[in-house]
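Working notes, beginning with the structure itself.
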Amino acid sequence: MKYIIIGLGKERYAISTEVVRSVERVQAIRSIPMVDPSIKGVINLRGKVLMVKDLRAIFGLEATPMTEDHRFVIIHDVAYIVDGAYDMVDIEDANIDPLRTGNEMMKGVFKKDEQMIIVIQDQELLQVNEIDF
């Protein structure tokens, strides 16, 4: 299965290309009042309005100012803010070691170039998309 490697701080995560529609440069976000803190607002991407969510907030990580290095990872009609998108890799499920942390959003971990990459469970991330605004 192919995965896109993204970054949040020094950590690297992998998201299946089966759910990722595209990776885009960041652009101005129109904020929306009185919504969940992980929802940063909306953007207009090629004529389509997408909700913007901060993956750092979803994972309980400290917020950082957005820079030109940040990217939007588009999954269905949601643009997730990540610190960067770095690579695409092909990893067999047999090479992913399961994580038994109780966090169902994390499928497992694999090693690439001496770095541990955490694989995000697609179905759990898609359930996060179900929040309406």
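The values are calculated or read from the model by the stated rules, or taken from the named source; none is laboratory data. The model shown is predicted, which means the values in this text are computed figures rather than measured ones. No Cβ is skipped: glycine too gets one built from the backbone with ideal geometry, and neighbour counts run over all protein chains shown.
Data overview
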item	result
Given (1) modelled with pLDDT under 95; (2) under 15 Å from the mean Cα position of the chain (by Cα); (3) closer than 16 Å to I6 by Cβ, index of the condition A63 fails	(3)
Of residues in region 1-58 being of a type in the set (A, V, I, L, M, F, W, C), closer than 23 Å to Y86 by Cβ and more than 14 Å from the chain's Cα centre (by Cα), the one surrounded by the fewest Cβ atoms within 10 Å (Cβ to Cβ)	M1
Test: residue in region 28-50 that is in a loop (DSSP other than H, G, I, E, B), within 20 Å of Q121 (Cα to Cα) and aliphatic (A, V, I, L, M)	no
